[in-house]
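Colleague: I'd like to ask some things about the structure below.
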Amino acid sequence: MRQRLKRIQDRVTGLFKEWTARENLWMTGPVLAAAVLVLLVLVKSCQGIAFFSSDEYKLCRMGYPFKEAQTIAAALTDKQIDVLVGLGEMDTLACAIVTQPFFIGDNLERYLNCHKSDTTGIQPADIVAVVNVGADNNWQDLVPCDTTKGYLMLINRSHYLDSHFRNPNMVTFERDYAFGDRPKADTLVVSAYYQMRQACHQQTSAHLMVNSAYRSFKEQQDTHKQNSKRLAAKAGYSEHQTGMCLDIVSQEHLMKWEFGESTEGKWLRDHCHEYGFILRYPQGKERVTGYDYEPWHLRYVGKEAAQRIHDEGITLDEYYAFYIERETK
């Protein structure tokens, strides 16, 4: 409706210009003034009709302040506006939600439902993050992992790997770089780790060590049985099966939350992206990732993605939903 009225307004203005040009602008004085007045009345009438038929007016009638209505209308398509209007009542966070940097219009109703059902005072940015990654459904929508994404493949509580998945590019860590029975990882991951370990030692004197890397489907089954469900994923839902993640500690600090506050833990948080790694389960993002904070768990995603994830303060789950999954729909 708004676009149609704008076309009418433009057409009226165009006809007036054509008419005055055809008459060689012979109108002067009172006649010209009257013609201009008529044109202004027509234009204002079109504008008035346009407003009372506009999305802004619909939102104002629901109780949204005019400036919020303008912001929301500018951010949404007509179809999405209809969804919002169809809810029948104003949502106090609607404007804040639609202006979030990772807002996805198709998720609008789920964002608002998440806000309504939450009793913890969840913030707009977290609402968008939780919905984008599917955590608002308590990870019920199970999806096979798209292994064609390579180092950006997503494995979490809803994206799973087949039990037969194998990474063909596995190599064994040198003995002095890892604890235990010489763990394995993807060849590019191992190379990047060596570079990162050397840089960390040069800057902090710490000696990083790999505590765990690749685990087979069967090994993950055993690990899951022995640990808390929020600390160890079920078999098929663990990144360790990809060979693209590392549990990293140091000779002084083992796999405890205190590692994150150690010199080497802080260094990894600030610099691991420079080598293509991300902190996979950061503090404050537990609801988004589905796992408790793990300052020792790094995932390799490549330097470009790691840089963006670091700079924007998001998780791999959020990156995947906004930059990969959305673009393929």
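Colleague: Under 8 Å between Cβ atoms, which residue pairs at least 6 apart in sequence (or on different chains) link something in the stretch 73-102 that is closer than 18 Å to VAL128 by Cβ with a partner that is aromatic (Phe, Trp, Tyr) and outside any loop (DSSP other than H, G, I, E, B)?
Modeller: Filtered contacts from the stretch 73-102: ILE97/TYR111; PHE102/PHE322.
Colleague: While we're here: Just one of the numbered conditions (1) surrounded by 19 or more Cβ atoms within 10 Å (Cβ to Cβ); (2) under 27 Å from the mean Cα position of the chain (by Cα) is not true of LEU188; which one?
Modeller: (1)
Colleague: What number of residues in the stretch 63-76 are open to solvent by less than 70 Å² (accessible area, probe 1.4 Å) and either more than 18 Å from TYR111 (Cα to Cα) or of a type in the set (S, T, N, Q) (or both)?
Modeller: Count: 3.
Colleague: Mind checking which residues of the stretch 290-322 are open to solvent by 40 Å² or more (accessible area, probe 1.4 Å) and over 23 Å from ALA213 (Cα atoms)?
Modeller: Matches in the stretch 290-322: ARG308, ASP311, GLU312, GLY313.
Colleague: Are there any pairs, at least 6 apart or on different chains, whose C-beta atoms fall under 9 Å, with the first in the stretch 132-161 and at positive phi and the second charged (D, E, K, R) and in a strand (DSSP E or B), and if so, which?
Modeller: As it stands, the answer is none, since no pair meets every condition given.
Colleague: List pairs: first in the stretch 262-275 and under 21 Å from SER191 (Cβ atoms) and at pLDDT 95 or above, second part of a helix (DSSP H, G or I) and open to solvent by 20 Å² or more (accessible area, probe 1.4 Å), Cβ under 7 Å, 6+ apart or cross-chain?
Modeller: Within 7 Å, the pairs are TRP267/GLN203; TRP267/THR204; HIS273/GLN307; HIS273/HIS310; TYR275/GLN195.
Colleague: Sticking with this structure for a sec: Considering only the stretch 138-155, how many residues are loosely packed, with under 13 Cβ neighbours inside 10 Å and at pLDDT below 95?
Modeller: 5
Colleague: Given the condition in a strand (DSSP E or B), at pLDDT 95 or above and either among the charged types (D, E, K, R) or surrounded by 19 or more Cβ atoms within 10 Å (Cβ to Cβ) (or both), answer yes or no: does some residue in the stretch 116-129 qualify?
Modeller: no
Colleague: For the stretch 174-185, enumerate the residues that are part of a helix (DSSP H, G or I) and open to solvent by 70 Å² or more (accessible area, probe 1.4 Å).
Modeller: Matches in the stretch 174-185: ARG175, ASP176.
The values are calculated or read from the model by the stated rules, or taken from the named source; none is laboratory data. Everything quoted here is computed from the prediction, not taken from an experiment. Positions of Cβ are generated from backbone atoms using ideal geometry, with glycine treated the same way; all protein chains shown enter the neighbour counts. Quick note on the areas: whole protein, heavy atoms, side chains included, nothing else; ligands and nucleic acids left out. Shrake-Rupley method; radii C 1.70, N 1.55, O 1.52, S 1.80 Å.
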